[in-house]
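Structure, as structure tokens:
The values are calculated or read from the model by the stated rules, or taken from the named source; none is laboratory data. Values in this document were obtained by computation on a predicted structure and should not be read as measured data. Neighbour counts are summed over all protein chains in view; Cβ atoms, including those assigned to glycine, are modelled from backbone coordinates with ideal geometry.
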Amino acid sequence: MPPLRHELTLETTAPIEILDLTDAVRTWVQASGVRDGLLTVLSPHTTARITLNERDPALQRDMVTFLERVASRDAHYEHNLHTVDDRANAHAHLLGLFMPASVSMPVVGGDFELGGWQSLFFVELDGPRRTRTVQLHLLVSA
């Protein structure tokens, strides 16, 4: 069976935002009918990432605060002097160095496996953005 592909479309509303993808991705995987395989979730954006972490509102606020402190929007960055799309977003590119653009998870028994405290997140680093996409690729075991 060829790989299955799907794309999620998101809108972000904050400069740095953490969106939980777990339920949307789980719904697609379960609807695919695939029992066993490997799921890869990819952000095709250089200023947005995919990560696994704990879903807790207080922790998510801490994550945003931490990211704002690591690379301040207001610092001097050479990239901001020559922007590609009129966005002074060097800070977002630098923050992206600390997170993967994709994660892969096993699909077993029709669902992807996560640890007991893990959820799947899209991390916006250069918002708000009207349209962001997340690509899902599911390789099916023979």
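The figures follow:
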quantity	calculated
Among the residues listed as THR47, THR12, THR51, the single one being at pLDDT 95 or above, touching a helix residue (DSSP H, G or I) at 6+ places or on another chain (Cβ under 6 Å) and surrounded by 15 or more Cβ atoms within 10 Å (Cβ to Cβ)	THR47
Condition check for TRP117: among the aromatic types (Phe, Trp, Tyr), surrounded by 14 or more Cβ atoms within 10 Å (Cβ to Cβ) and at pLDDT 95 or above	no
